[in-house]
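Report on the structure given below.
The values are calculated or read from the model by the stated rules, or taken from the named source; none is laboratory data. This is a predicted model, so every value here is computed, not measured. No Cβ is skipped: glycine too gets one built from the backbone with ideal geometry, and neighbour counts run over all protein chains shown. Areas reflect the complete protein model, heavy atoms only, side chains present, ligands, DNA and RNA absent. Shrake-Rupley method; radii C 1.70, N 1.55, O 1.52, S 1.80 Å.
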Amino acid sequence: MSLALDPAAQDLLFREARTANTFADEPVTDEQVQAIYDLVKYGPTAFNQTPLRITLVRSPEARERLVKHMAEGNRPKTASAPLVAILSADNEFHEELPALLPHFPQAKDMFFAERPVREQSAVLNAALQAAYFIVGVRAAGLAAGPMTGVDLSGLQKEFLDADHTPLMVVNIGKPGEDAWFPRSPRLSYEDVVTTV
């Protein structure tokens, strides 16, 4: 076996994990979300930056405000998920770099003084962190339904501010009845990997 991770864990995180389309009524607790974050915060990013921001949508009023921004086919899933997270990139992440990169605090001004550079780095590294977050949700025994079928500019105006770029919405919970579509194909190793 070429992988150190136990086969059951491989299945939980990847092979058997699916995007859920329906959810059970079981709530997702703040303690579960904290455990997920406390695990995935160790995923690597450039300069140890941590631009990902997670907005948990719990109240019925906030859920109603969110659902109206979802693509029509995504609305029922988002309306019924026990918990929904809006994942965004903080474009002012550089303010935290002196604490997160204490051996190189000058990186804040040396590399990220200009807003366009920060925005590009924030989106890329927050997207990495979003992928870790999805795997963390799976590690908690929950299903994640990441969706980009959403009016991102409307989402930003409704829930965020100009310093935060929305990336996606993630429905979270235990899968419900008929939660899965058939598994879609994946590209083979030979289709993806090139050696030079």
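Overview of results
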{"quantity": "Of the criteria (1) within 29 Å of residue 70 (Cβ to Cβ); (2) without any contact (Cβ under 8 Å) to a residue 12 or more places away in the chain; (3) of a type in the set (Phe, Trp, Tyr), which one residue 189 fails", "calculated": "(1)"}
{"quantity": "Selection from region 90-147 of residues that are more than 21 Å from the chain's Cα centre (by Cα) and outside any helix (DSSP H, G or I)", "calculated": "101, 102, 103, 104, 105, 106, 113, 114"}
{"quantity": "Search result, residues across region 160-174 that are within 19 Å of residue 28 (Cβ to Cβ) and surrounded by 18 or more Cβ atoms within 10 Å (Cβ to Cβ)", "calculated": "168, 169, 170, 171, 172, 173"}
{"quantity": "Residue in region 129-143 that is farther than 30 Å from residue 10 by Cα and open to solvent by 50 Å² or more (accessible area, probe 1.4 Å) present", "calculated": "no"}
{"quantity": "Subset of region 102-114 [free of Cβ contacts under 8 Å to residues at least 60 places away in the same chain and either open to solvent by 70 Å² or more (accessible area, probe 1.4 Å) or closer than 30 Å to residue 24 by Cα (or both)]", "calculated": "102, 103, 106, 109, 110, 114"}
{"quantity": "Single match in 71, 99, 89 (criterion: open to solvent by 60 Å² or more (accessible area, probe 1.4 Å) and at pLDDT 95 or above)", "calculated": "99"}
